[in-house]
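Trainee: First the structure, which I've put down as structure tokens, then a few questions once you've had a look.
The values are calculated or read from the model by the stated rules, or taken from the named source; none is laboratory data. Fair warning: this is a prediction, and the values are worked out from it, not measured in the lab. Cβ sites come from the backbone with ideal geometry, for glycine too, and all protein chains shown count toward neighbours. Ligands, DNA and RNA are excluded from the accessible area calculation, which covers all protein heavy atoms including side chains. Shrake-Rupley method; radii C 1.70, N 1.55, O 1.52, S 1.80 Å.
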There are 2 protein chains.
Amino acid sequence: MSNISISPSQPQPPLPTPSPFSFSVASTRWSSRRPPIHAFNLFLRFLALVLSSASALSLVAPKSSLRKQPTTFRDYPELVYCFVVNILVFVYAAYQLFKGICDIVHRGIFISDMVSDYISLIFDQLAGYLLVSASSVAVPVIQQMNNGNSLWKAAMVSVCMSFASFLVIAFTALLSGYRFCKRIIW
Amino acid sequence: MSNISISPSQPQPPLPTPSPFSFSVASTRWSSRRPPIHAFNLFLRFLALVLSSASALSLVAPKSSLRKQPTTFRDYPELVYCFVVNILVFVYAAYQLFKGICDIVHRGIFISDMVSDYISLIFDQLAGYLLVSASSVAVPVIQQMNNGNSLWKAAMVSVCMSFASFLVIAFTALLSGYRFCKRIIW
């Protein structure tokens with residue numbers, strides 16, 4: 001407002017421009033986060049979504065296809081635990097995927113970046129620990145089952161998918177931890 | 001130094017002096033890492049050492065004290081897994097404790113800070129996942145055991161200690177991830 005009243009020939013006072021320090025920080029943060037890591041992160045979220053849904057579906061599938069099947073996965077609490085954990089991870093991965101797509105389409109409309117970083121840090125860790133726990137618990141149950149049984153095959157596929165999902169989530173947990181650190185350090 | 005040779009009237013070239021940014025980085029890194037977080041980290045390592053050794057010892061104890069005990073933890077592969085994981089975490093916690101004490105007594109003689117940060121990042125994550133896996137696997141075995149049995153009690157104590165150790169290691173994993181991020185960002 002005060003600049004309007006000053007004539008152009010008059011020497012202008014030094015303006016409070018952003019320092020090179022703050023500028024470089026901001027540019028590094030955005031350039032490193034948006035195109036390459038953001039797309040890679042989205043891909044990992046999609047992978048976790050597919051793997052966890054495959055793990056959950058493989059447990060449900062034998063029951064619906066074979067009516068003569070005497071036992072379902074509901075008879076084994078460990079497999080139910082594995083199923084529930086994979087459903088939870090599926091929901092979480094779907095949320096992260098939705099959030100990532102919202103960011104691309106229209107930045108920041110869904111949830112603020114700071115809250116999202118906190119959520120990612122906590123829930124990635126939690127999802128990783130739950131998945132490794134569920135996968136581990138299901139292994140002794142598979143060993144006790146009848147080999148060649150359709151439920152045995154389903155449980156095998158489920159545990160493998162669950163473990164693969166864990167590996168993906170463990171990697172995204174490292175990435176989200178890195179992003180969180182960038183936020184709290186700067 | 002270069003200011004002495006250049007006459008005051010001559011336009012000075014931009015010198016490669018340390019910027020306030022890099023200076024603040026160095027001071028922040030050392031001041032935040034040494035006294036408070038270093039001591040807290042050492043305390044967590046000590047806690048993990050105690051808890052994992054307690055978990056492993058509680059499984060061994062009933063065998064040595066009661067000779068009439070028909071079954072030992074070796075009859076249950078899940079408990080053997082829990083025992084082995086806790087021994088590995090004990091060894092790792094002992095190494096971290098030894099490294100921390102070496103750093104206090106005589107800085108950097110044992111292992112370089114960079115290598116140590118990489119080791120901490122990887123093995124903290126690994127130890128956390130192994131501990132939660134071992135704790136989870138042992139829970140169904142305990143449910144199948146005879147209640148009130150001395151092995152049952154031992155397994156209960158072992159799983160509780162193992163889970164407490166997991167919580168401590170999960171926290172140190174966050175701290176070591178933060179320290180690693182500080183290193184690779186700066």
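Trainee: I'd like to know if segment B:135-143 contains one or more residues that are at the interface with chain A (Cβ under 10 Å from one of its Cβ atoms), free of Cβ contacts under 8 Å to residues at least 60 places away in the same chain and in contact with an Asp or Glu (Cβ under 8 Å, 6 or more places away or on another chain).
Mentor: The answer is yes; a qualifying residue exists.
Trainee: Right, another one. Just one of the numbered conditions (1) crowded, with 19+ Cβ neighbours inside 10 Å; (2) facing another protein chain (nearest Cβ under 10 Å); (3) more than 22 Å from residue A:95 (Cβ to Cβ) is not true of residue A:129; which one?
Mentor: Going through the list (1) crowded, with 19+ Cβ neighbours inside 10 Å; (2) facing another protein chain (nearest Cβ under 10 Å); (3) more than 22 Å from residue A:95 (Cβ to Cβ), residue A:129 breaks only (3).
Trainee: It is to be established whether one or more residues within segment A:153-166 are away from every other protein chain (no Cβ under 14 Å), basic (Lys, Arg) and surrounded by fewer than 21 Cβ atoms within 10 Å (Cβ to Cβ).
Mentor: Yes: one or more hits.
Trainee: Considering every residue within segment A:134-141, establish whether at least one is open to solvent by less than 40 Å² (accessible area, probe 1.4 Å) and polar (S, T, N, Q). Step through it out loud before you land on a result.
Mentor: Of segment A:134-141, the ones open to solvent by less than 40 Å² (accessible area, probe 1.4 Å) are A:134-138, A:140-141.
If we keep only those that are polar (S, T, N, Q) as well, we get A:135-136.
Checking segment A:134-141: at least one residue is open to solvent by less than 40 Å² (accessible area, probe 1.4 Å) and polar (S, T, N, Q).
Trainee: Residues that are surrounded by 21 or more Cβ atoms within 10 Å (Cβ to Cβ) and either more than 14 Å from chain A (Cβ to nearest Cβ) or in contact with a helix residue (DSSP H, G or I) (Cβ under 7 Å, 6 or more places away or on another chain) (or both): does segment B:107-120 have at least one? Please lay out each step first, then the result.
Mentor: Our first condition is that a residue be surrounded by 21 or more Cβ atoms within 10 Å (Cβ to Cβ); within segment B:107-120, this holds for B:120.
Filter again for either more than 14 Å from chain A (Cβ to nearest Cβ) or in contact with a helix residue (DSSP H, G or I) (Cβ under 7 Å, 6 or more places away or on another chain) (or both), leaving B:120.
Within segment B:107-120, one or more residues are surrounded by 21 or more Cβ atoms within 10 Å (Cβ to Cβ) and either more than 14 Å from chain A (Cβ to nearest Cβ) or in contact with a helix residue (DSSP H, G or I) (Cβ under 7 Å, 6 or more places away or on another chain) (or both).
Trainee: Condition first: more than 13 Å from the chain's Cα centre (by Cα), within 22 Å of residue A:184 (Cβ to Cβ) and open to solvent by 10 Å² or more (accessible area, probe 1.4 Å). Can you find one or more residues in segment A:89-97 that meet it? Spell out how you get there, then give the answer.
Mentor: So in segment A:89-97, the residues more than 13 Å from the chain's Cα centre (by Cα) come out as none.
Looking through segment A:89-97, none of the residues is more than 13 Å from the chain's Cα centre (by Cα), within 22 Å of residue A:184 (Cβ to Cβ) and open to solvent by 10 Å² or more (accessible area, probe 1.4 Å).
Listed here are the residues, each with its yes/no results for (1) of a type in the set (A, V, I, L, M, F, W, C); (2) at pLDDT 90 or above.
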| position | (1), (2) |
| --- | --- |
| B:124 | no, yes |
| B:132 | yes, yes |
| B:136 | no, yes |
| B:146 | no, no |
| B:151 | yes, no |
| B:162 | no, yes |
| B:166 | yes, yes |
| B:175 | yes, yes |
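Trainee: Continuing with this model, one more query. Quick check: anything in segment A:171-184 touching a residue at least 60 places away in the same chain (Cβ under 8 Å), away from every other protein chain (no Cβ under 12 Å), surrounded by fewer than 23 Cβ atoms within 10 Å (Cβ to Cβ) and more than 11 Å from the chain's Cα centre (by Cα)?
Mentor: Within segment A:171-184, not a single residue is touching a residue at least 60 places away in the same chain (Cβ under 8 Å), away from every other protein chain (no Cβ under 12 Å), surrounded by fewer than 23 Cβ atoms within 10 Å (Cβ to Cβ) and more than 11 Å from the chain's Cα centre (by Cα).
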